[in-house]
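The values are calculated or read from the model by the stated rules, or taken from the named source; none is laboratory data. Predicted model only: the values in this text are computed from it and were never measured. Cβ: placed from backbone, ideal geometry, glycine included. Neighbour counts: every protein chain shown. Areas reflect the complete protein model, heavy atoms only, side chains present, ligands, DNA and RNA absent. Shrake-Rupley method; radii C 1.70, N 1.55, O 1.52, S 1.80 Å.
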Amino acid sequence: EFDVEFRAVTKLYGNVTAVSDIDLKLERGAFVALLGPSGCGKTTCLRMIGGFEQPTSGELLIGGAPMQGVPAYRRPVNMVFQQYALFPHFDVETNVAYGLRQIRPKLSDTEVMRRVGEVLEQVHLEKFRKRRIHEMSGGQQQRVALARAIVNKPRVLLLDEPLAALDKKLRTAMQMELQNLHRDLGITFLLVTHDQEEALSMSDRVCVMNAGKIVQFASPQEIYDN
Ligand code: ADP
Ligand code: ADP
């Protein structure tokens, strides 16, 4: 059983072919980088997994289950964006709790806050619970966005160029944090990037796309060796 599986998936926008007949299997717990030039179909793949776009043809499965007709909020996945989409005037705790309350409206406040505390520890923000987002640095805000995305324990975390807005020094630090987080959580990470260096250094599988097709799927080592 694979965490994510594309079977002959095609996605058209009008007469533009964004994704063309792709087959892809992501093993449980893998860290996969989706690499390729702008416009090659990376974000479309992520959005189909997330349930924000439907395949035009083919089949998409998560944890072995077909996703046709399953709305985004019912899927065991979560997405982190380049723009964090946090509430700037609310504090960290409120922002993270929001992610959980949307999906599990019946959880008690005590339980929500217990889980929020747990993920804030995982992203090393436990001392910032009451800090407002607009008073935090870019790297800290990105960690809040990560905490919000993992608080409901998704099976797959989708990361759409999450570090692109950060400067180089901070980006390197966050790359290491993401790798640590992946190891600690043990869930599947699928990271979209157009930065080859980033893809090769962070992931254990690189999926290279071009013009809507997968042109290579290999370990970083195999790619270096070629
Ligand atoms: P990326 O950073 O992946 O290259 P873009 O900046 O190209 O994304 O696109 C941002 C958003 O705009 C995407 O969510 C996509 O769905 C939408 N989009 C991209 N290209 C078009 C287009 N030609 N027509 C309408 N919407 C588009
Ligand atoms: P990437 O993430 O690799 O930059 P995208 O998946 O955003 O690529 O886009 C793949 C292709 O689909 C591009 O040609 C883009 O312009 C087009 N596209 C993406 N979203 C839309 C949309 N909502 N409407 C029309 N065309 C789109």
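Could you tell me how many of the residues in segment 188-221 are of a type in the set (Val, Ile, Thr) and at pLDDT below 95?
1
Working carefully through the options 172, 188, 110, find the one that is open to solvent by less than 20 Å² (accessible area, probe 1.4 Å) and of a type outside the set (A, V, I, L, M, F, W, C). Full working, then the answer.
Details: 172 fails: open to solvent by less than 20 Å² (accessible area, probe 1.4 Å); 110 fails: open to solvent by less than 20 Å² (accessible area, probe 1.4 Å).
One residue alone meets the criteria, 188.
Please find, within segment 53-77, the residue that is nearest to ligand 2 (Cβ to nearest atom) out of those that are of a type in the set (D, E, K, R) and in contact with a strand residue (DSSP E or B) (Cβ under 9 Å, 6 or more places away or on another chain).
It comes out as 53.
Which one of these does residue 56 not meet: (1) within 15 Å of ligand 1 (Cβ to nearest atom); (2) touching a residue at least 60 places away in the same chain (Cβ under 8 Å); (3) in contact with a Ser or Thr (Cβ under 7 Å, 6 or more places away or on another chain)?
Exception for residue 56: condition (2).
Regarding residue 175, is this residue within 17 Å of residue 82 (Cα to Cα) and under 16 Å from the mean Cα position of the chain (by Cα)?
Here the answer is yes, as residue 175 does meet what is asked.
Being in a strand (DSSP E or B) and within 16 Å of ligand 2 (Cβ to nearest atom) narrows it down to one residue among 159, 163; which is it?
Unique residue meeting the criteria: 159.
Going by the conditions given, is residue 78 within 19 Å of residue 188 (Cα to Cα), among the polar types (S, T, N, Q) and open to solvent by less than 50 Å² (accessible area, probe 1.4 Å)?
yes
Can you pull out every residue in segment 21-47 that is more than 10 Å from ligand 2 (Cβ to nearest atom) and either touching a residue at least 40 places away in the same chain (Cβ under 8 Å) or closer than 15 Å to residue 77 by Cα (or both)? Reasoning before the result, please.
Quick first cut of segment 21-47, residues more than 10 Å from ligand 2 (Cβ to nearest atom) only: 21-33.
Within segment 21-47, 21, 22, 23, 24, 26, 27, 28, 29, 30, 31, 32, 33 qualify.
Taking residue 111, is it over 24 Å from residue 179 (Cα atoms) and either touching a residue at least 60 places away in the same chain (Cβ under 8 Å) or within 14 Å of ligand 2 (Cβ to nearest atom) (or both)?
When the stated conditions are applied, residue 111 does not pass them.
Counting just the residues of segment 164-181 that are within 24 Å of residue 40 (Cβ to Cβ) and in contact (Cβ under 8 Å) with a residue 40 or more places away in the chain, which one comes out nearest to ligand 1 (Cβ to nearest atom)?
164
Would you say residue 50 is within 15 Å of ligand 2 (Cβ to nearest atom) and within 20 Å of residue 162 (Cα to Cα)?
yes
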